[in-house]
Amino acid sequence: MNAGRPCAIIGIGQTHHKTRRWDVSVGGLVREAATRALEDAHMTWSDIDAVVLGKAPDLFEGVMKPELYLTDALGAVGKPMFRVHTAGSVGGTTGIVGSHLVEADVHQTVLAVAYEKQSEGNAQFALGSGKGASLGAGGAFAPYMRSYMYRTGAPDDIGPMVAVKDRKNALKNPYAHLKLADISIESVKASPMMWDPIRYLESCPSSDGACAVVFTDRAGGEAAAADGRPPAWILGSSMRSEPSSFPGRDPVWSQGAADCAADVYRQAGITRPREQIDCAELYVPFSWYEPMWLEAHHIAEHGEGWKMTERGDTEIGGAFPVNMSGGVLSTNPIGASGLLRFAEAALQVRGMAGEHQVDGARVALAQAYGAAAQYFSMWVVASSLDPFA
């Protein structure tokens, strides 16, 4: 069990707007998600002790130190405001920082919010660190995915199968950005090759969106439960990083990712992840990362992750559902994508995921990664503090 005092999630808010939605400002986008989280928590701005804000590099929108600009919009005047940045994993890290402030007894109630408004920036420019040229995230990760295929003997259809599953799941999520009702394995395989082995329809979109989560202490969580508003309890959370290049590094089965998962499972009292976790929201911006993460996080043995996908285990009605919300393949405001995974996992154990709810979900895993697959953040949430009793 997590060593800190218990922390509960009692409010979640999301907002997504299709790219080129000019009538919503960055401030409006972020406040909309935060307001929805407060409404879900039955709270107002006066109930929040501190705000944690996360996003990808400032270059994505060209607004330097946006946390200063957003202080007014978030009702954070006179309140502590924390900024978090760990590349694409930043949304997950933002949630963990917010929860730690409660677990460490620094604050009683904290609002964490993460966002990206890519229609107001240049993602390719930002990914190139402002140098104006970049092969893109897909180009950086493609060799890892191709290596995974070579090592495991996974057939070519696995990536398209993930893409079809997640796109169809997105049809059940009102906040999903990209919805393709007529997608099929054949249409995915017929789409243009972007970075071998990733095709256009196996890639994530570029989104405008924000996600907010309200954390509170044990008393607040129990009060919410007594009021008929189920909380999600954080059983464990962890962050890890590793240099993007060092002798012996294996980005296919990253040691940082494995260590992060092992730490979370230790805190949560999980010894058999495949059996004890009911579902997972994993950071899969390119389809082949689903089986790769299943293996890196000890849910499947090396070489067995793609077989779970092929059997249908990762479908909503399967043995181990993954990305019930449609995942990053369907909604990708980069700075918020990790917190969306974390929030969607919490919605599952709260029984509030709507049409993409997994029946009987009591324990859920969430994960995010970023940069050159070198930053990792994860948590396990549950419907009670002792779900394995």
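Just report the Cα centroid separation between region 87-108 and region 231-252, whole Å.
Spelled out, the Cα-based centre of one part sits 15 Å from the other.
Cα centroids of region 253-297 and region 319-334: how far apart, whole angstrom?
Between the Cα centre of region 253-297 and that of region 319-334, the gap is 15 Å.
Run lengths n ≥ 4 of DSSP H only: what is the helix-derived mean residue ellipticity at 222 nm for the chain, with -39500 (n - 2.57) per run over all residues, to the nearest 500? Walk me through the numbers before you get to the answer.
Values: 13 runs with 134 residues, N = 389.
It comes out at -10000 deg cm²/dmol, rounded to the nearest 500.
What's the Kirkwood radius of region 230-283 in Å, using all Cα pairs?
On the way: mean 1/r = 0.0775 Å⁻¹.
The answer is 12.9 Å.
Apply the Karplus curve 6.51 cos²θ - 1.76 cosθ + 1.60, θ = phi - 60°, to the phi angles in region 353-360 and return the couplings in whole Hz, x for Gly and Pro.
Rounded to whole hertz, the list is 8, x, 5, 9, 6, 8, 4, x.
Can you tell me, using C-alpha contacts under 8 Å and at least 6 residues apart, the relative contact order of the chain as a whole percent? Before the final figure, lay out the partial values.
Details: 936 pairs, mean separation 100.0, N = 389.
This gives 26 percent for the chain.
Please report, in whole Å, how far the alpha carbons of region 133-270 spread along each principal axis, starting with the longest.
Extents along the principal axes: 52, 44, 33 Å.
Quick one: order D259, D359 from most to least accessible surface, probe 1.4 Å. Mind dumping the intermediate values first?
On the way: D259 65, D359 145 Å².
Correct descending sequence by accessible area is D359, D259.
Skipping prolines and chain starts, which residues have an amide H placed within reach, meaning under 5 Å, of the one on G236, given they are 5 or more residues away or on another chain?
Amide H to amide H, under 5 Å and 5 or more residues apart or across chains, G236 pairs with V380.
First compute the accessible area of the chain with a 1.4 Å probe, then give the percent of it belonging to carbon and sulfur atoms.
53
Looking at A258, I234, S187, which one has the Cα that reaches farthest to the positive end of the dipole of region 179-284 (charges on Cβ: Lys, Arg +1; Asp, Glu -1)?
Comparing the listed Cα positions along the dipole, A258 ranks first.
May I have the count of lysine pairs in region 1-128 with C-alpha atoms under 19 Å apart, counting pairs 8 or more residues apart or located on different chains?
Eligible lysine pairs with Cα atoms under 19 Å apart amount to 6.
Which whole-number percentage describes the relative contact order of region 15-160, with Cα contacts under 8 Å and a sequence gap of 6 or more? If you can, show how the numbers build up before the last one.
On the way: 174 pairs, mean separation 39.7, N = 146.
27 percent.
Connecting C-alpha atoms closer than 10 Å in a GNM of the chain, tell me which of S203, S147, S337 has the biggest fluctuation.
S147
Roughly how many Å² is the accessible area per residue of the chain, as a whole number, for a 1.4 Å probe? Intermediate values should be presented prior to the final figure.
Numbers: 14050 Å² over 389 residues.
Heavy-atom SASA per residue in the chain reads 36 Å².
Which distance in nm do the two modelled labels at H298 and W45 give, with both placed 7 Å along the Cα-to-Cβ direction?
Simple spin-label model gives 4.4 nm for this pair.
On a 1.4 Å probe surface of the protein chains, which of C204, C7 comes out largest in accessible area, and what is the full order? Before the final figure, lay out each step's value.
On the way: C204 35, C7 0 Å².
Listed by decreasing accessible area, they come as C204, C7.
Return a whole-number percent for the relative contact order of region 258-309, with Cα pairs under 8 Å and 6 or more residues apart as the contact set.
Working: 37 pairs, mean separation 16.7, N = 52.
Relative contact order here is 32 percent.
Would you work out which of H17, S377, V77 lies farthest towards the positive end of the dipole of the chain, given +1 charges on the beta-carbon of Lys and Arg and -1 on that of Asp and Glu, about the Cα centre?
Ranked along the dipole, the leading option is H17.
Would you rank K189, K165, K79 by solvent-accessible area, highest first, keeping every protein chain in place and using a 1.4 Å probe? Could you put the intermediate results ahead of the total?
Numbers: K189 90, K165 10, K79 50 Å².
Most to least solvent-accessible, the answer reads K189, K79, K165.
Report, in debye and to the nearest 20, how large the dipole of the chain comes out about its Cα centre when Lys and Arg carry +1 and Asp and Glu carry -1 on their Cβ.
Values: 33 positive and 43 negative charges, 101 e Å.
Result for the chain is approximately 480 debye, rounded to the nearest 20.
Please list, or write none, the aspartates and glutamates whose alpha carbon is within less than 13 Å of the alpha carbon of K189, excluding same-chain residues fewer than 8 places away.
Result set, ordered by chain and number: D156, D157, E202.
Under DSSP H, which helices of the chain have Cα atoms covering 15 Å or more of the helix axis and a Kyte-Doolittle average no less than 0.5? If you can, show how the numbers build up before the last one.
Working: long enough: 26-41 (23 Å, 0.14); 90-103 (19 Å, 0.74); 136-152 (25 Å, -0.31); 158-170 (18 Å, -0.22); 255-268 (20 Å, -0.32); 334-350 (25 Å, 0.74).
What comes out of the filter, once short or polar helices are dropped, is 90-103, 334-350.
The values are calculated or read from the model by the stated rules, or taken from the named source; none is laboratory data. It should be emphasised that the depicted structure is a prediction, and the values quoted were computed from it without experimental measurement. Reconstructed Cβ throughout: ideal geometry from the backbone, glycine too, with neighbour counts over all protein chains shown. To get the accessible areas, we keep the full protein, side chains included, count just its heavy atoms, and leave off ligands, DNA and RNA. Shrake-Rupley method; radii C 1.70, N 1.55, O 1.52, S 1.80 Å.
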